[in-house]
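Written below as structure tokens is the structure these notes are about.
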Amino acid sequence: MPEIREIPVPDGAPAPLPEPDVDDLRLETVLGALSDPLRLEIVQRLLLEREDFDHTCGWFGFDRPKSSLTHHFRALREAGVIRQRQYGLERRSHVRTGDLDARFPGLVALVAAWTPPTD
């Protein structure tokens, strides 16, 4: 099983942007957000490859328009999969592993173990 990288919240981190409470997370909403392969890849990379507590959209190196990436990150945040914080003009994201594990045990491990299809 892949090792999920946990990094503590740094001192002075901004408050999170609005997101659903853990008790309001709905499996069908979370799975809907994860049904898009790009969003699934975003979450998996945040789980396994992160270098800092949270990362900007640019860290991923996707060749996509910023508006498209903003849409995908917002869908993940509104579903409760990721938490975003505003640092000046940029938003940084990380996976809500504790909340997801509490609500849907095993889901985070499944995402971490996912193998993307090869084209």
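The values are calculated or read from the model by the stated rules, or taken from the named source; none is laboratory data. What you see is a predicted model; the values in this text were computed from it and never measured. Methodologically, a virtual Cβ is constructed for each residue, glycine included, from the backbone with ideal geometry; neighbour enumeration extends over all protein chains shown.
Things worth noting here:
- Complete set of residues in the stretch 3-32 that are surrounded by 12 or more Cβ atoms within 10 Å (Cβ to Cβ), in contact with a strand residue (DSSP E or B) (Cβ under 9 Å, 6 or more places away or on another chain) and not β-branched (Val, Ile, Thr): Ala13, Pro14, Pro16, Leu17, Glu19
- Every listed requirement among (1) of a type in the set (D, E, K, R); (2) more than 12 Å from the chain's Cα centre (by Cα); (3) closer than 23 Å to Pro117 by Cα is met by Lys66 save one, (3).
- Residue selected from the stretch 49-63 under the condition over 13 Å from the mean Cα position of the chain (by Cα) and part of a loop (DSSP other than H, G, I, E, B), by the criterion nearest to Ala15 (Cα to Cα): Asp52
- Scanning the stretch 1-48 for residues that are within 19 Å of Trp114 (Cβ to Cβ), assigned to a helix (DSSP H, G or I) and not hydrophobic (A, V, I, L, M, F, W, C) yields Glu28, Thr29, Gly32, Pro37, Arg39, Glu41, Gln44, Arg45.
- The number of residues in the stretch 78-99 being under 20 Å from Gly58 (Cβ atoms), surrounded by 17 or more Cβ atoms within 10 Å (Cβ to Cβ) and touching a Ser or Thr at 6+ places or on another chain (Cβ under 6 Å) comes to 3.
- One residue alone among Ala109, Ala102, Ala75 is among the hydrophobic types (A, V, I, L, M, F, W, C), surrounded by fewer than 13 Cβ atoms within 10 Å (Cβ to Cβ) and either modelled with pLDDT of 85 or more or part of a helix (DSSP H, G or I) (or both), and that residue is Ala102.
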